[in-house]
């Protein structure tokens, strides 16, 4: 077991009580001993926000309070305020495109360089901090997320990112707390991995070192929790992090950082920077100490970053081979078998395709339906869609909200305009959109006459579902088609069936078509600690967020060996 689990040596002080004249950390010997076992992780219970419930009343109050403060100002990192940062940038509410939600001062290249240096200056003290003390910070943060800041985080996610109450609850409250708690457990599991076989007179140990440089974390707009994961996984193992969130959730990310500081995270360990992505990335990728990228976002962007890192390696720019840890795009599928419970499949498909307006990397955007069950499926899905209301997230009755910004709206609606005019496609539902107030797009389903239509490969990241009706007897050959389709992505997929042979056949034939494969469950069904998440092919490095594997990617193991006796002779017995 790692020595970092054994004897804490650091005083844990809060930001409010730490004397400004004394540099962190203060060290002293503590008269405590023992191999500490941290409390087991658990999933945060989801609150339901039913009418007149206490949690709804608290959330309504938080929304009202946040509304009264708009536009909110996001402070700059105290270590990176240079005079060259330029004017303020603004983000707008997706549900009210004319309303400024947040404003912040972009960091310049000089700011980013200063942030990296501040993180590196803090690195030795942070990695020397006993694991128990590092872990305690994130466990305290989990309590702040699920308690004191729950509704403030949710309000920020609802107004800033356009999520309804349920989507904000499972993201900004539950999943964020889950990541903090489970990553602590995963880090402890890593430290406990020690040799169990020793020769007589010898001993071996594993030293789970942090990476030697710094980690660059890049998080997307669609999940507040993802940023928390991308910084907690490396920080728990003693790394320092430069974190660039999406501009579209800059305020929610600021709150996550604020919570960690309140929980006791030393100020320089995680450096939050905002601004032009290309400028920030250039400074990071030009730095010799760049050791890892923790990324969630577009597959095309990650491929460009992968090439950029490879060029840096080729030019001998870095001391290390930078680790590339990424989860990216998906063109995820539902496969309906003739034996399926159609009503159940319909409900799962509506949620998978249209919750949060399809803006999840795991969202279902292509579906294959047997001809014998297609009439029932299409009839029932139209009935289900007719019950869904669309509008701002503050109205709790709304299931469908806006897409994130004008760029996303334009991309999706342009594809819809082409599809609406395409003679090879039948519009089953939706097809309309309106940006007069917010960026609203109707849940839309197209049926293709052929299985090779381009929409089966193109990720739109919006509420658009392409369907194909196959002959029941073509189930086997369809599996090959599904595996080859999807734009080269392989993130999530699902089969709906009651025929066990069909389920096993799909599991086997589609083994590499999805990193997360579900049976009679929607493609957006992963829960931290229960189903780790990630795909391969062009969907990322499949390091599985919510698992020990991802956390281990930010460690650099060292093997230690000690012999207790002396070597009697240079010669071997066979030399006699």
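Read-outs throughout are calculated quantities, based only on the coordinates presented, and are distinct from any laboratory measurement. This one's a predicted model, so the numbers in the text were calculated from it and none came from an experiment. So basically every Cβ, Gly included, is an ideal-geometry build from the backbone, and we count neighbours across all protein chains shown.
Below, the figures for the structure above:
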item	result
Average projected area [Cα convex hull, the stretch 37-81], square nanometres	6.8 nm²
Rg/Rh for the stretch 332-532, where both radii come from Cα atoms and Rh is the Kirkwood radius	0.95
Residues 552, 158, sorted so that the one with the fewest Cβ neighbours within 10 Å comes first	552, 158
Ascending count of other beta-carbon atoms within 10 Å, so fewest first, for 175, 562	562, 175
The stretch 286-334 pair-distance distribution - Cα-Cα, 10 Å bins, rounded %	26, 47, 19, 6, 2
Neighbour-count order for 163, 347, fewest beta carbons within 10 angstrom listed first	347, 163
Contour minus Cα-Cα distance for residue 316 and residue 279 (0.36 nm per residue)	11.2 nm
Gyration tensor verdict on the stretch 86-185 (Cα atoms; rounded if a/c is under 1.5, prolate if a/b is larger than b/c, oblate otherwise)	oblate
Euclidean distance of C-alpha centroids, the stretch 522-576 and the stretch 384-453, integer Å	44 Å
Cα-Cα P(r), the stretch 372-429, percent of pairs per 5 Å interval	4, 14, 14, 17, 25, 16, 7, 2, 0
Label selected from (i) -0.51, -1.21, -1.41; (ii) -0.64, -1.35, -1.50; (iii) -0.58, -1.21, -1.37, the criterion being log10 I(q)/I(0) by the Debye sum over Cα atoms at q = 0.08, 0.12, 0.13 Å⁻¹ as computed here	(iii)
Rounded tilt (10° steps) of 475-484 against the dominant C-alpha axis of the chain	50 degrees
Highest average packing first - 36-43, 115-122, Cβ atoms within 10 Å	115-122, 36-43
Mean Cα-pair separation over length for the chain, i.e. relative contact order, pairs under 8 Å, 6 or more apart, %	17 percent
Helix axis angle, 150-161 relative to the chain longest principal axis, alpha carbon, degrees	50 degrees
Over the stretch 367-471, relative contact order from alpha-carbon pairs under 8 Å, at least 6 apart, %	31 percent
The chain: angle of helix 250-262 to the longest principal axis, Cα-based, in degrees nearest 10	30 degrees
The stretch 165-239-the stretch 89-121 distance, computed between alpha-carbon centres (Å)	26 Å
The stretch 245-268 and the stretch 338-363: distance between their alpha carbon centers, rounded to Å	33 Å
Percentage relative contact order, the stretch 332-532, counting C-alpha pairs under 8 Å, at least six apart	29 percent
Whole-percent pair-distance distribution, where bins are 10 Å wide, for the alpha carbons of the stretch 197-352	9, 32, 26, 16, 12, 4, 0
